[in-house]
1. Taking a threshold of 19 Å on the Cα-Cα distance, which of the pairs 143/249; 84/203; 170/249 fall above it?
2. Taking amide H atoms as placed 1.01 Å from N in the peptide plane, list the residues 5 or more away in sequence, or in a different chain, whose amide H sits under 5 Å from that of residue 283.
3. What fraction of the DSSP beta bridges in the chain is antiparallel, stated in percent and rounded to the nearest 5?
4. Among 122, 168, what is the fewest-to-most ranking by other Cβ atoms within 10 Å?
5. For the chain, set up a GNM with springs between Cα atoms under 10 Å and report which of 82, 187, 97 has the largest fluctuation.
6. In whole angstrom, note down how far apart the Cα centers of segment 202-249 and segment 43-113 are.
7. Write down the percent of antiparallel bridges among all DSSP beta bridges whose residues are both part of segment 15-113, to the nearest 5.
8. Between 92, 269, 106, find the one with the highest GNM mean-square fluctuation for the chain; connect C-alpha pairs within less than 10 Å.
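None of the figures in this text is laboratory data; all of them are computed from the coordinates on show. Predicted model, so just to flag it, every value in this text is computed and none were measured. Glycine also receives a Cβ, built like all others from the backbone with ideal geometry; neighbour counts cover every protein chain displayed.
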Amino acid sequence: MAYLDHINACNNANLSRYARFRIGDHAVGAMRSEFATALIALGPNFVRDENGEYGFAAHITTMEHRNEALATAVASLRDQGLIKRLHGEKFDIRNRLADAPLCQLDRFAMPYFGCRSWGVHMNGFVRKSDGIHMWVAHRAKDKPTYPGMLDNMVAGGQPTGLGFRQNMIKECAEEAGIPEHLSQNVLPIGAVSYLYETDEGLKPDVMINFDLELPEDFIPHCADGEVDRFELLPLVEVAQIVQSGFAFKFNCALVVIDFLIRHGHLTADNEPSYSELVAGLHRPSNC
């Protein structure tokens, strides 16, 4: 087992099984053939073009129309059992932060269409006399996704209508009971990207990451039921957990590796795969 195994596990997609999903001139996703076939079988709102790519029919021309067509389609596909469940929270469909959103889609439907999701992740840590300690979250065992796995202290998807920092501060309060006088000190420190294939489809995702140094006397509490408990561990122990297996949720391990690099725990002198790790955390996630 090696740190690089986490990079490879998060970039496991086999794109030969997918057909592009377009909105006008923009390739915004990719779908498995069986899902694409079921989508266009719903009616006239979605079509397959002469190049074998899928998208909205010509009469769907505005964001409002696209949102209506998508909402109707995903509800029907859920009823058919082709989408396991819906979340109710909407994510923007766009390829780059500089792009205006083309429409919105239910959070849990994003992988089926292979559209990029954005999220926020935060490593909360404490400096003690013996070095850095990191807060690790144990995901609730009844969560619908990755139950019981280890997680970053705070993380969440990026919903429509919020800025990334604003969302991070909101998630700090909701997930860990971190008051705003502490969470307002979150530092944006970069991003991690990957192209991951799940049972549902593709996740060409980008995580916007933050660090938050916390006082020794602060104890987080599980505020919204998504976390069973928090554990404060020496950084060397966290590193060993990541290096020795897949106890962390797949993308959270990448956020920890990024922290280990930035805080000097992993260096070009002590990690043979250092260059591959640095490059692998920022792989192009286009599909």
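1. 170/249
2. Residues meeting the criterion, in which the H sits 1.01 Å from N, are 193.
3. Percentage antiparallel, nearest 5: 75.
4. Exposure proxy ranking, most exposed first: 168, 122.
5. Ranking 82, 187, 97 by mean-square fluctuation puts 97 first.
6. After rounding, the separation between the Cα centres reads 32 Å.
7. So the antiparallel bridges amount to about 85 percent of the total.
8. Evaluated over the chain, the most mobile residue of the options is 269.
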